[in-house]
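**Q** The structure follows.
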Amino acid sequence: MPAHWQRMDLIAVCLLALLGFGALAVSARRGSPMAQSTGVLVGCLLSLFATYGMLIALVVDALRCDDTCSGGEDADWSQRADAWQWSVQFALAIAGLVAVIAATILIARRKYRSAIATMAVAAMCWCAWAAILMPFDNGL
């Protein structure tokens with residue numbers, strides 16, 4: 001499977017996680033204690049995945065191109081050492097991780113609307129991160 005399809009799968013998983021987390025938060029808001037507990041559990045699992053994603057972003061940032069880059073102005077950003085995407089992809093991963101952890105804490109404290117909004121921010125960060133990494137053809 002081409003690497004860009006793998007990242008499209010990541011975007012789909014992010015959106016499905018947001019929908020699942022949102023459904024749990026809505027159900028918990030209506031009074032289901034099981035939904036709240038499950039929402040906290042899902043948030044903890046998503047925090048683990050977000051930590052893994054942040055570590056991947058750290059590796060990608062550490063492997064930014066150096067004097068071996070072949071790119072000029074027309075080259076893909078992954079072939080230019082001064083491309084803004086190198087730093088932004090790492091910042092998005094950190095923001096996504098912080099948002100997932102915050103959403104987990106919010107659902108545990110029964111602040112369901114805020115938890116849904118925060119998880120939406122996390123999903124947007126991870127989708128943007130995956131989209132920025134599209135030029136990498138070798139997969140991560």
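**Q** Yes or no: the range 86-103 includes at least one residue that is in contact with a Lys or Arg (Cβ under 8 Å, 6 or more places away or on another chain) and under 18 Å from residue 132 (Cβ atoms).
**A** Scanning the range 86-103 turns up at least one residue that is in contact with a Lys or Arg (Cβ under 8 Å, 6 or more places away or on another chain) and under 18 Å from residue 132 (Cβ atoms).
Each row is one residue, and each column tells you yes or no for (1) in contact with a strand residue (DSSP E or B) (Cβ under 6 Å, 6 or more places away or on another chain); (2) more than 19 Å from residue 27 (Cβ to Cβ); (3) buried (at least 20 other Cβ atoms within 10 Å of the Cβ); (4) modelled with pLDDT under 90.
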| residue | (1), (2), (3), (4) |
| --- | --- |
| 49 | no, yes, no, yes |
| 56 | no, yes, no, yes |
| 61 | no, yes, no, yes |
| 70 | no, yes, no, yes |
| 84 | no, yes, no, yes |
| 107 | no, no, yes, no |
| 115 | no, no, yes, no |
| 129 | no, yes, yes, yes |
| 135 | no, yes, no, yes |
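**Q** Residue by residue through the range 115-127, note down the ones that are more than 8 Å from the chain's Cα centre (by Cα) and of a type in the set (Gly, Ala, Ser).
**A** We begin by selecting, within the range 115-127, every residue more than 8 Å from the chain's Cα centre (by Cα); these are 115-121.
115, 117, 120, listed by residue number.
The values are calculated or read from the model by the stated rules, or taken from the named source; none is laboratory data. Because the structure is a prediction, the values reported are computed rather than measured. As a convention, Cβ positions derive from the backbone with ideal geometry for all residues, glycine included, and neighbour counts pool all protein chains shown.
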